[in-house]
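Note sheet for the following structure.
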Amino acid sequence: MKKIAILLCLLGMSFGALAQKYVAISIQPELTLNELANQLDIEKDLLISLNPGIENQDPIQTQQIVVPANRYQEEAREVQFTIYEVSSKETLYSIARSFELSIKEIKDFNPYLYTRELDLNDKLRISVKNLTEEEENQLKNLNKSVTNSSFGKLKHLVEPKETFYSLSKKYGVSIESIKEANSDLESLQAGQFVTIVREQEEKEKELEKIKTKNKEELKFVEVKKQKNLNSILEENEISLERLELLNPSLRYSGFEEGMALKIPYKRRSLLIPGEKSINLEYYINYPEEKQIKVFLPLSLNLFEKDSVNKELMLRRNRLGRIALDLYTGIKIAQDSALAKGVVTSVEVYDTQADSNHFYELLSANNFSTTQAVIGPVIESNIQEVLRFSETDSVPVFSPLINTSYHKHNLFKTIPEKKEMENAILSYMDENYQDENIVFYTDSTLVELKHKINYTFLDAQQVKVNDDYLKLADIKNVLNKDKPNWYILESTDPGTIEATISFLTSLKRNDYDIRLFTTNRVNFYEDEIPNSRLGDLNFTFPSVSRELAQPAPDRFEEKFREQFGYYPNKFVVRGFDLAYDIFMRLAFKNDIYETVNLESYTEYFENKFNYLPFDFQEGFYNNSFYIIQYKEDLEVEVIDFE
């Protein structure tokens with residue numbers, strides 16, 4: 001096959017008159033030109049014209065010469081030539097290597113090279129042979145298969161009329177990179193092998209990992225005459241982006257009849273083996289423009305007057321700051337979706353935290369073509385958006401709060417408190433090994449108290465004998481001879497601070513204590529040092545994994561370069577939520593068809609898995625994290641189902 005490949009596309013490029021056939025014959029050594037002409041009965045001038053430079057050899061050093069086929073009666077190998085023009089810096093070695101020939105083979109058909117050095121602008125004859133029809137059919141697919149590979153480095157066999165420019169387009173690389181990888185080539189001529197170094201994008205590298213795990217799931221499909229690109233995509237339920245990742249030649253050479261495409265077998269599962277989350281970037285089926293509306297209390301009207309101290313105003317308007325951060329994250333998500341080929345039209349409306357202005361905005365809006373709404377962030381305003389959009393059943397995503405009401409088109413993106421309570425108690429139950437379970441609950445949390453009691457039948461409740469919590473109240477129910485798991489369920493800052501202080505003191509006195517809560521209120525983050533929480537291996541459910549695995553440095557640094565500060569959790573929340581919506585629409589073009597997927601989607605700090613409520617209208621997100629502080633100040637995401 002290697003030998004065949006050398007001869008690709010050199011058919012029909014004969015030397016001299018196209019109709020004339022030539023053969024290559026071996027000759028006896030030590031012959032003079034006259035002796036050779038007499039022996040072959042061929043005119044000396046004809047021999048010289050067919051073997052330039054032979055006249056300067058005495059005796060002849062060439063071991064093969066070219067003669068007209070009709071002047072030589074014995075059996076001989078028919079030969080054809082392509083003409084190669086020598087460029088500066090080229091040597092016989094580099095030319096021979098590019099055509100995969102020996103130096104002697106080149107000298108034999110260019111006899112003058114036996115008597116002088118190679119020179120700039122020399123026109124060399126490079127021998128080729130006729131191919132059988134079977135060989136020719138094999139070769140037609142050679143460069144296609146090479147182009148269609150995903151390798152970073154490959155060899156291309158130059159075809160007639162190909163240039164550095166056409167190769168750069170075919171493989172999606174720069175002309176400079178081709179020349180750099182082939183420094184000994186000044187120009188391209190048919191029959192040469194050219195090295196192509198193609199930088200793989202991050203998503204292509206990721207896809208290579210996926211293909212390594214799933215080699216048996218790829219098949220080859222030949223494009224038939226009646227097929228077009230859309231029919232291939234529809235029949236195989238694959239997105240154009242994923243098809244291009246598997247078949248890079250589609251980007252550079254386009255779609256054509258007869259090409260063999262690598263296509264995955266239809267999958268019953270969206271999950272890649274070994275992965276726990278679904279990556280919808282691999283299932284982009286509808287990249288066309290998405291219609292999104294965003295309602296946020298940016299309150300930009302407050303900054304219109306020149307006399308306003310904008311920095312002071314922004315510091316005082318916390319809701320406006322949060323809204324601005326969410327907006328920034330959404331816009332970055334829009335750019336990221338576009339980089340994946342997904343176009344989004346995002347219309348942003350400033351509610352101005354003014355009910356009258358907000359009502360006017362809604363009255364002037366038409367939701368008939370809207371595919372999703374993000375916001376608002378205030379409960380009463382969310383209710384108004386639902387009222388205006390319910391006729392068209394437009395999905396409305398509440399980004400920051402769980403409303404007290406339900407609606408058929410409302411998506412609650414913050415996990416339900418009861419879901420997180422159940423998760424942390426289930427985690428404790430599954431990992432329970434005869435630890436001493438102790439709990440404290442505020443008097444208002446009667447239902448949670450009962451839930452703890454029937455999950456852990458031997459659990460002991462901390463009872464406060466006076467009006468405030470004392471060290472003795474906790475110590476009375478702890479066991480120094482076994483690990484103690486302490487569940488703290490309180491929103492009272494004084495109770496939280498006193499409990500952690502007492503537990504820390506008891507741990508120093510050789511009590512083995514681990515602290516849990518189902519509701520990590522802001523007081524833990526704002527007032528309690530992480531070192532103290534780490535000493536107690538503080539464990540809790542969390543909407544995001546910001547504390548344990550914040551957005552990667554590349555995202556944070558890029559954000560800082562663009563905006564001058566590092567992104568906070570609201571920026572990342574805006575990005576994750578919006579990007580997930582964009583990818584869901586690119587996957588199914590209808591948010592409702594992406595509900596109840598087999599697993600969750602996950603981005604920088606947040607994950608999403610929308611399910612319908614059992615006995616209520618609407619949908620909720622049941623995906624969140626369990627976080628644990630460690631004694632070495634590390635923060636860990638606990639793996640749980």
### Task
State, to one decimal in nm, how far the label point of residue 637 lies from the label point of residue 221, with both points 7 Å from Cα in the Cβ direction.
3.4 nm
### Task
Take peptides 168-181, 452-465 and line them up by average Cβ neighbours within 10 Å, highest first, as a rough protection proxy.
168-181, 452-465
### Task
With label points built 7 Å along Cα→Cβ from the Cα atoms of residue 347 and residue 44, find their separation and express it in nm.
9.3 nm
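Under the classification rounded if a/c is under 1.5, otherwise prolate if a/b is larger than b/c and oblate if not, where does region 520-641 fall, given a ≥ b ≥ c as square roots of the Cα gyration tensor eigenvalues? Working shown, then result.
Details: a/c = 2.43, a/b = 1.37, b/c = 1.77.
Judged from the Cα gyration tensor, region 520-641 comes out oblate (a/c at least 1.5, b/c at or above a/b).
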### Query
Quick one: if the Förster radius is 25 Å, what FRET efficiency do residue 447 and residue 476 give, using the C-beta to C-beta distance and rounding to 0.05?
0.50
### Query
Projected onto the charge dipole of region 483-545 (+1 at Lys/Arg Cβ, -1 at Asp/Glu Cβ, origin at the Cα centre), which of 502, 522, 483 gives the Cα projection farthest towards the positive end?
483
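When you count, for each residue, the other Cβ atoms within 10 Å and take the mean per peptide, how do 434-441, 589-596 rank with the highest first?
Working: 434-441: 19.4, 589-596: 15.6.
Output ranking for 434-441, 589-596: 434-441, 589-596.
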### Query
Using a basic spin-label model with each label point 7 Å from the Cα along Cα→Cβ, how many nm lie between residue 554 and residue 466?
5.9 nm
### Message
Taking the Cα centre as origin and putting +1 on Lys and Arg beta-carbons and -1 on Asp and Glu beta-carbons, what dipole magnitude results for region 539-641, to the nearest 20 debye?
### Response
380 debye
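Count charges around residue 295 for me, please; just the other residues with Cβ under 11 Å from its Cβ, Lys/Arg as +1, Asp/Glu as -1.
Details: positive: 293; negative: 347, 350, 384.
Spelling it out: positives minus negatives among the neighbours equals -2.
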### Query
Which ³J(HN,Hα) values, rounded to whole Hz and listed in residue order, are derived for region 497-503 from phi using the Karplus coefficients 6.51, -1.76 and 1.60 in 6.51 cos²θ - 1.76 cosθ + 1.60 with θ = phi - 60°, glycine and proline given as x?
5, 5, 4, 5, 5, 5, 5
### Task
Taking amide H positions as placed in the peptide plane 1.01 Å from N, state which residues far from residue 285 in sequence (5 or more) or on other chains have amide H under 5 Å from it.
587
### Cut-off under 5 Å, modelled amide H: who pairs with residue 290 long-range
343, 344, 345
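Provide the FRET efficiency to the nearest 0.05 for the residue 316-residue 197 pair, computing r from the beta carbons and using R0 = 45 Å.
That pair, residue 316 with residue 197, gives E of 0.20.
Please list 522-530, 571-579, 324-332 highest first by mean number of surrounding beta-carbon atoms within 10 Å per residue. Let's see the in-between values first.
Details: 522-530: 13.2, 571-579: 26.3, 324-332: 22.0.
Highest mean packing first, the order is 571-579, 324-332, 522-530.
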## Note on the structure
Per the C-alpha gyration tensor (a ≥ b ≥ c, the square roots of its eigenvalues), region 423-491 is rounded if a/c is under 1.5, else prolate if a/b beats b/c, else oblate; here it's oblate
### Summary
Non-local residues with an amide H under 5 Å from the amide H of residue 299, with H modelled 1.01 Å from N and Pro and chain starts lacking one, are 351, 352, 353
### Task
Could you compute the FRET efficiency for residue 229 and residue 366, with r as their C-beta to C-beta distance and R0 at 41 Å, rounded to 0.05?
0.75
### Summary
Expected vector for region 512-525, Karplus 3J(HN,Hα) from phi with 6.51, -1.76, 1.60 and θ = phi - 60°, integer Hz, x for Gly and Pro, equals 8, 10, 10, 9, 10, 8, 9, 9, 7, 6, 4, 4, 4, 6
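Under the 0.36 nm per residue contour assumption, what length would be gained going from the current alpha-carbon distance of residue 458 and residue 240 to full extension?
Details: separation 218, 0.36 × 218 = 78.48 nm, distance 5.79 nm.
Full-extension gain reported as 72.7 nm.
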### Phi to ³J(HN,Hα) by Karplus 6.51 cos²θ - 1.76 cosθ + 1.60 over region 632-640, Hz, x for Gly, Pro
8, 6, 6, 10, 10, 8, 8, 7, 8
### Query
Between region 18-61 and region 526-589, what's the alpha-carbon centroid distance in Å?
80 Å
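Quick note: the coordinates plus some simple rules give every number you see, no bench work behind them. On a predicted model such as this, the values are computed, not experimentally measured, just so you know. Cβ coordinates were reconstructed from backbone atoms using ideal geometry, including for glycine residues, and neighbour counts include every protein chain displayed.
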